[in-house]
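Colleague: Input: one structure, supplied below.
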Amino acid sequence: MKLLAVNCNTSRAVTREIEVAAQAIAAPGTVVVGATPSWGVASAEGYYESFISAAAVLDLLATWPERFDAVVMAGFGEHGREGARQLLDVPVVDITEAAAITAALIG
């Protein structure tokens, strides 16, 4: 499985941290690829930044050159999640959902 972990801001250093942390806990055979928008905001702190971030993330997803099996949007808040679900034909979850699903599974 190839998992695309999308950072909602433009920090490549943060993306790398996300990628390393996700790969460390991924199931055997899962490849985690970090993705950083080429434009957008340094930090999504409010509604305005969230909308800018969403546009940048959707642009990144629409132009990503490789196939992937699922997307984890690694930013708290939606930052384009619903648009990504409409755009893509793979599962899309944000990290808040992923955490809640995991907690429910392990009790």
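The values are calculated or read from the model by the stated rules, or taken from the named source; none is laboratory data. What you see is a predicted model; the values in this text were computed from it and never measured. So basically every Cβ, Gly included, is an ideal-geometry build from the backbone, and we count neighbours across all protein chains shown. SASA here: full protein model, heavy atoms, side chains in, ligands and nucleic acids out. Shrake-Rupley method; radii C 1.70, N 1.55, O 1.52, S 1.80 Å.
Colleague: Does at least one position in the range 35-53 carry a residue that is within 12 Å of ALA5 (Cβ to Cβ) and either touching a Leu at 6+ places or on another chain (Cβ under 8 Å) or of a type outside the set (D, E, K, R) (or both)?
Modeller: Within the range 35-53, one or more residues are within 12 Å of ALA5 (Cβ to Cβ) and either touching a Leu at 6+ places or on another chain (Cβ under 8 Å) or of a type outside the set (D, E, K, R) (or both).
Colleague: Another question, if that's okay. Here are some conditions: (1) without any contact (Cβ under 8 Å) to a residue 40 or more places away in the chain; (2) of a type outside the set (Gly, Ala, Ser); (3) exposed (fewer than 14 other Cβ atoms within 10 Å of the Cβ). ASP69 meets all but one. Which one does it not meet?
Modeller: Among (1) without any contact (Cβ under 8 Å) to a residue 40 or more places away in the chain; (2) of a type outside the set (Gly, Ala, Ser); (3) exposed (fewer than 14 other Cβ atoms within 10 Å of the Cβ), ASP69 violates only (1).
Colleague: Going through GLY29, GLY80 one at a time, which residue ends up being at positive phi and modelled with pLDDT of 95 or more?
Modeller: Being at positive phi and modelled with pLDDT of 95 or more holds for just one of GLY29, GLY80, which is GLY29.
Colleague: Surrounded by fewer than 14 Cβ atoms within 10 Å (Cβ to Cβ), among the aliphatic types (A, V, I, L, M) and not in a helix (DSSP H, G or I): is that true of ALA42 in this structure?
Modeller: When the stated conditions are applied, ALA42 passes them.
Colleague: Answer yes if at least one residue in the range 79-89 is touching a strand residue (DSSP E or B) at 6+ places or on another chain (Cβ under 7 Å), in contact (Cβ under 8 Å) with a residue 12 or more places away in the chain and surrounded by fewer than 17 Cβ atoms within 10 Å (Cβ to Cβ), and no otherwise.
Modeller: Within the range 79-89, none of the residues are touching a strand residue (DSSP E or B) at 6+ places or on another chain (Cβ under 7 Å), in contact (Cβ under 8 Å) with a residue 12 or more places away in the chain and surrounded by fewer than 17 Cβ atoms within 10 Å (Cβ to Cβ).
Colleague: Looking at GLY75, GLY29, can you tell me which residue is among the small types (Gly, Ala, Ser) and open to solvent by less than 20 Å² (accessible area, probe 1.4 Å)?
Modeller: Step by step, each of GLY75, GLY29 is checked, and only GLY75 is among the small types (Gly, Ala, Ser) and open to solvent by less than 20 Å² (accessible area, probe 1.4 Å).
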